[in-house]
Amino acid sequence: MRYDKLSPGLLLAFQDFVSEGEAALITHRRSLGIIAPKSVIKPTKSMVFIYCEHDADFSHLSQYGIEINQNFGNIRTAFLPIENLEVLSEEAAIQRIKPSRKLKLRMNSAPQAVQLSNFQEKTGLTGKGVIIGIIDTGIDVKHPAFTGRILRVWDQTIPGPGVHEGRYGAEFAGEQLCISQDTEGHGTHVAGIAAGADAVYGGVAPEAKLVIIKSDLQDTHIADAIRYIFRVAGELGRPAVVNLSVGGHADAHDGSDSLSQIIDAESGAGRIVCCAAGNEGNDNIHGQANIPGGRSRGMRFHVPLNQIGMVWLNAWYANSGQLEVSVRSPNGFVTPYQKIMTQGNPAQSYDLPDSQVEIVTPGPDLANGDYNFFVQIRGRGRSLVQGGVWQLRVRNTAASDTILDVWTLDDTSSVFFTGKSVKDAVKIGSPGCASSAVTVAAYTTKVKYEDIDRHIREMGLELNTISDFSSEGPLRNHAQKPDIAAPGAMIVSTLSSNYNCDRSMMINSQFVVMSGTSMAAPFVTGLIALLLQRDPNLDPTTVKALLRENSSIPGKLPGTFDPKWGFGLINTDRL
């Protein structure tokens, strides 16, 4: 095994598989691209990104059940039995293997707040001739807001021959479109904001055509979906904008992650990607510490009692530092300090009386040259992780000071940093940190609404300001994100008939209220579709500059950047 080619998280998953078998991988399914077999006679598989030589030929790996989804490119996606990960690591043309990670969804006064009606009336733009790609939970094909405008659906979640970009899932068109359904409702709602056609609750670009990907939200599959949408649009000779109302924090938060790099590589003239900033504005998922040269520091984080089966910490620091890592449990048990390991296996396991701790401290990551260490904490045997205040202990053996950034990884944000460790910034992860992507924060245009039963519902947000749940930047490398803000709180849009929706969210039988940067992103996606109708050759740099120039933060000079607002709320009337 070439341990140096495996990212820290993937290495831990493989180690658990080798030592404990299939059962150890249950908790890795979401975070590390692990797919459990549907039959006992089939192997557990893993989805990964591979960094390799551009023209490398991996066709011979099919004998090991390893499927490479692209025939060329420096970053490709692959699907393989996890037991053959060692075979993949031994390929000379491969420099790095990183796991796929399942991203999270970033869950009508809005148009008036940004002068959209004035802009539409003045220009007559409707999105006609433009493709809007939605990568999400699918779409309700039968909803009248989309009649006649859905060109294709690639459902990645069902068995089928797949498409050119990946031999999995099934592609539908025409009468077969309705085979794919949106049972979660998120994708239908997002599509309606960007492109729904309705007299009352219409979307921004009501004449744009739609290409829909129902995704399992693994970022390898999202990467394949981006390539698919741009290929389809290219074959039709139309510009395209892709909406990604998803995100995660298992990356470096600087745009060097696999999905962000693929977005940057695939974007260009008439090919734009729009991303949600994230909904962790109120969550202390990020900790930061400045460790002086030759000194030690501790970062405290809280684990709830009897709730968590596994805790992960994703930590990054500049390559000028040299940190040694230790973990202290709530009962005072401590692991030894672990150094950076560039030879052999950088993953080490420690059995404490109240927990099992694994720490991976490899050499610099090839994507950005920085150090990434990974900590995994489990309970003893079948016990849950010990609740209470834990401490990440770090010792700087270099002469210069080192800034350490750490993110907790769990679906509920129930593991959080406390005290001086909390850093209420740098909470925009992949894919929102992609340099070429338009990253959108949420602005509150509505604080209450009347539901289908005529009950008044309130969310407790402050009207006409940035939504407090909206994740803040900048990036870890100080790049300015988010780009702009758009309406994202209590947005009324299309309701999937296959989604078992709470009546308190419903406006009527066809429309529902949702909030999140998931809702802000498709607003800007629709707006970009209008701009592409006007100029099909707009590239990401031009689009981002145009949007930033026509956005502002209340009470501040135009052009002012704020980590929460970006460059401010978009004013479409001036575009």
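The values are calculated or read from the model by the stated rules, or taken from the named source; none is laboratory data. As the structure is a prediction and not an experimental result, all values here were calculated from the model. No Cβ is skipped: glycine too gets one built from the backbone with ideal geometry, and neighbour counts run over all protein chains shown.
Residue-by-condition table, conditions (1) of a type outside the set (A, V, I, L, M); (2) at pLDDT 95 or above:
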{"residue": "249", "(1), (2)": "yes, no"}
{"residue": "253", "(1), (2)": "yes, yes"}
{"residue": "266", "(1), (2)": "yes, yes"}
{"residue": "269", "(1), (2)": "no, yes"}
{"residue": "272", "(1), (2)": "no, yes"}
{"residue": "279", "(1), (2)": "yes, no"}
**Report entry** Filter result (among the hydrophobic types (A, V, I, L, M, F, W, C) and part of a strand (DSSP E or B)) within the range 543-573
**Finding:** 569, 570
Query raised in the report: Quick check: is even one residue across the range 255-267 in contact with a strand residue (DSSP E or B) (Cβ under 9 Å, 6 or more places away or on another chain), of a type outside the set (Phe, Trp, Tyr), more than 27 Å from residue 491 (Cβ to Cβ) and assigned to a loop (DSSP other than H, G, I, E, B)?
Result: yes
Query raised in the report: Which residues, taken from the range 452-475, are not aliphatic (A, V, I, L, M) and not in a loop (DSSP other than H, G, I, E, B)?
Result: 457, 458, 465
Query raised in the report: Does the range 394-425 hold any residues that are touching an Asp or Glu at 6+ places or on another chain (Cβ under 9 Å) and of a type in the set (Lys, Arg), and which are they?
Result: 395, 423
Report task. Tell me which residues, restricted to the range 68-103, are of a type in the set (D, E, K, R) and buried (at least 16 other Cβ atoms within 10 Å of the Cβ). Result -> 76, 83, 91, 96, 98, 101, 102
**Report entry** Residue satisfying all of: in the range 540-567; polar (S, T, N, Q) and surrounded by fewer than 17 Cβ atoms within 10 Å (Cβ to Cβ); nearest to residue 427 (Cα to Cα) among these
**Finding:** 560
Report summary line: Residue count, the range 343-369, condition in a loop (DSSP other than H, G, I, E, B), more than 27 Å from the chain's Cα centre (by Cα) and exposed (fewer than 14 other Cβ atoms within 10 Å of the Cβ), comes to 3
Report task. Tell me, please, whether a residue that is at pLDDT 70 or above, part of a helix (DSSP H, G or I) and closer than 22 Å to residue 164 by Cβ can be found in the range 36-59. Result -> yes
